[in-house]
Structure formats: C-alpha cells, structure tokens
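Structure, as structure tokens:
The values are calculated or read from the model by the stated rules, or taken from the named source; none is laboratory data. Model, not experiment: these values are computed from the prediction. Here Cβ is always computed from backbone atoms with ideal geometry, including for glycine, and neighbour counts include all displayed protein chains.
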Amino acid sequence: MEELVRFVAQALVEEPDKVTVFRKETRRTTILKLRVAPGDTGRVIGKGGRVANAIRAAVNVAARHHDRPVILEID
C-alpha cells in the first residue's frame, strides 16, 4: 500500500523526489504517513480535501485484502 500512496503522490506533486511514506503498525490498524515538500502540500490535499479523500478511498479499497484497516495521514 505504501507503493500505491507513493505512486499517486509522486504523480501529483512538482517535487516527486521529496515524497516519503512511513508505515506504522499498531495492534489493530496500519498508519501510513505521507510527507511531501511544503509547496506541494496543497496539491496532495486538494480543494476541500477532495484529492486526499480520493487517495484515502483508494487505500481503503487496497486494504480490503488485508485484515487491518489503514489510516492515511498527510503531514
């Protein structure tokens, strides 16, 4: 799933080399933290959070194959 988030984020931003995705496992969930360059944050979040919600929806669909829910956080 990290690869999915990284691929989508790199396609959206102007500085794709600064996209990083960190994974943190808890007992019940997996947390993915997405970091981009400060100037690209708006591109990843989108107007009214639409792009961020679309990325989260794609991650949730991909997470159905695993037993844990996935949370995407954008820093």
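Some observations on this one:
- Some residue of the range 34-54 being part of a strand (DSSP E or B) and closer than 17 Å to V8 by Cβ: yes
- Tabulated pairs, the range 23-46, first closer than 14 Å to D75 by Cα, second hydroxyl-bearing (S, T, Y), C-beta under 6 angstrom, 6+ apart or interchain: R35/T20
- Test: V21 is surrounded by 14 or more Cβ atoms within 10 Å (Cβ to Cβ), assigned to a strand (DSSP E or B) and within 10 Å of the chain's Cα centre (by Cα): yes
One line per residue, one yes/no per condition, for (1) modelled with pLDDT under 90; (2) among the polar types (S, T, N, Q):
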| site | (1), (2) |
| --- | --- |
| R35 | no, no |
| R43 | no, no |
| G46 | no, no |
| N53 | no, yes |
| H66 | yes, no |
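- Selection within the range 55-75 - in contact with a strand residue (DSSP E or B) (Cβ under 6 Å, 6 or more places away or on another chain) and part of a loop (DSSP other than H, G, I, E, B): R68, D75
- Only one of the listed residues (I55, I31, I45) is surrounded by fewer than 16 Cβ atoms within 10 Å (Cβ to Cβ) and either aliphatic (A, V, I, L, M) or closer than 21 Å to D67 by Cβ (or both). That residue is I31.
- Members of the range 14-55 that are of a type in the set (D, E, K, R) and under 11 Å from M1 (Cα atoms): R23
- Checking each residue in the range 1-28 for being within 14 Å of H66 (Cβ to Cβ) and touching a strand residue (DSSP E or B) at 6+ places or on another chain (Cβ under 7 Å) picks out M1, E2, R23.
- Scanning the range 1-18 for residues that are assigned to a helix (DSSP H, G or I) and either charged (D, E, K, R) or on the phi > 0 side of the Ramachandran plot (or both) turns up E2, E3, R6, D17, K18.
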